[in-house]
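Just below is one structure, and these are the notes that go with it.
The values are calculated or read from the model by the stated rules, or taken from the named source; none is laboratory data. Just so it is clear, the structure is predicted and the values come from calculations on it, not from any experiment. Please note: Cβ atoms are built from the backbone with ideal geometry, for glycine as well, and neighbour counts cover all protein chains shown.
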Amino acid sequence: MEAAAPPPPPAPRLIDSSIGGSPIDSPIDSPVDSPSRSLAKEHSYSKLLSLRQLSADHHAPSQAAANRALPELPSSLDFYRRFVSKSRPGKFKLPRELQEALGPLSSLESLQELLGDRPIKVNVTPEHGLGDALFPKPGRANDDRANDDPAELLFVEPQEQEMTFKEFAEHLRPGGTGPERVYYLSSQNDNLHGDLSALLDVVPRTLPFAQEAFGAGPPEAVNLWVGDGRAVTTMHRDPFENVYLVLEGTKTFVLVPPYMGGALYQGFYRRARWRLDGGEDRIEEDEDRTRSVRWVGVDVEEDRGKEEYPLLDAVEPITIDVHAGEMLYLPSMWFHKVKSSGVSISVNFWFDMAFDTPNYVLSEWANAVFDE
Ligand SMILES: O=C(O)CCC(=O)C(=O)O
């Protein structure tokens, strides 16, 4: 059940914690599927397929089209007409001037020089590298993960740790493997205006072509992301128009259109955080048991075809590789999972989204049709 009215755009915060996440009336303790509810889900499958078919041409690009980077940035009018108004993702080559301006952010060495010994906040997870992800409550075996009973799973955020950029860089594993903890600079709280403000001299305040097309004010948040191939951002959606620039390495976005939320087994989960000090990795549940977050209950890549998630077969995720020197427009409310190949450095701009557009209204309607 999503909140009846959309919330006003919130202040920058951890990804997506507010979407549908009404902390008061979250149906955390609802029973697991009864046979009649399962049957209803089977019927939903064909409706979801029709929905996918109906909107495919207008809204969701084909896999091939989504991966073609347009050679130059469109004018704001063209960007609005071809992408924003259709809520359609697109990939563009960064203009040379912008790429040059952002040059100092494109290597670990120059970032280290710019940031010196200032303390920065880094997210740390165990070796699986899953930040903001669902895990069984302490005491439950890991194979119980397949059980999609939200009451038995927790939404676990990374441990936040303060260190210098040099210390952080020493934890990165360019080869993308390692049994150690995974460190990801992913604070996404407008970090370029926070602990990374020393970088502001080289980052533009806004992207005028995008800001104009969104009809928004200056960006709500500008974030730097630095990590290696082990860090994974699990699937979620954000109430922001997102322009995501990759400066080093490759980021892979696995996308699902906003209107397919009904196939993603979303649930409400209580919050928790990794505690990684001392010998043992622990999950510590949030003391406030009334706070919960709505989160996608499946991995669209790994859980597809599994008997327990029949609706997931209706989803055709679009995978977009964004290479260094490219920019992705990720429209608001698209579900996304994000991975990195090797060490990657990116900057993204979140702009306020409009809640009164046909795209938003229709996708919320579509999701409500499948909500239980
Ligand atoms: O780069 C990432 O790991 C996640 C990016 C993301 O979720 C976002 O920009 O909204």
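Checked against the criterion of being in a strand (DSSP E or B), of a type in the set (Val, Ile, Thr), in contact with a His (Cβ under 9 Å, 6 or more places away or on another chain) and crowded, with 17+ Cβ neighbours inside 10 Å, segment 147-159 contains not a single residue that satisfies it. Looking across segment 144-172, the residues that are modelled with pLDDT under 70 and touching a Pro at 6+ places or on another chain (Cβ under 9 Å) come down to ASP144, ARG145, ASN147. If you scan segment 173-226, which residues turn out to be among the β-branched types (Val, Ile, Thr) and either under 27 Å from GLY342 (Cβ atoms) or touching a Phe, Trp or Tyr at 6+ places or on another chain (Cβ under 6 Å) (or both)? Answer for segment 173-226, where residues must be among the β-branched types (Val, Ile, Thr) and either under 27 Å from GLY342 (Cβ atoms) or touching a Phe, Trp or Tyr at 6+ places or on another chain (Cβ under 6 Å) (or both): THR177, VAL182, VAL202, VAL203, VAL222, VAL226.
Here is a yes/no grid of residues against (1) within 18 Å of ALA213 (Cα to Cα); (2) at pLDDT 95 or above; (3) in a loop (DSSP other than H, G, I, E, B):
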{"position": "GLN53", "(1), (2), (3)": "no, no, no"}
{"position": "ALA60", "(1), (2), (3)": "no, no, yes"}
{"position": "PRO74", "(1), (2), (3)": "yes, yes, yes"}
{"position": "TYR80", "(1), (2), (3)": "yes, yes, no"}
{"position": "LYS91", "(1), (2), (3)": "yes, yes, no"}
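For segment 83-100, the criterion of being in contact with a helix residue (DSSP H, G or I) (Cβ under 7 Å, 6 or more places away or on another chain) and more than 21 Å from PHE335 (Cα to Cα) is met by no residue. Filter segment 228-279 for residues that are modelled with pLDDT of 95 or more and among the polar types (S, T, N, Q); which is nearest to the ligand (Cβ to nearest atom)? Looking at residues that are modelled with pLDDT of 95 or more and among the polar types (S, T, N, Q), I get THR233. Checking PRO89, PRO119, PRO71 one by one, the residue that is touching a strand residue (DSSP E or B) at 6+ places or on another chain (Cβ under 6 Å) and without any contact (Cβ under 8 Å) to a residue 60 or more places away in the chain is PRO71 and no other.
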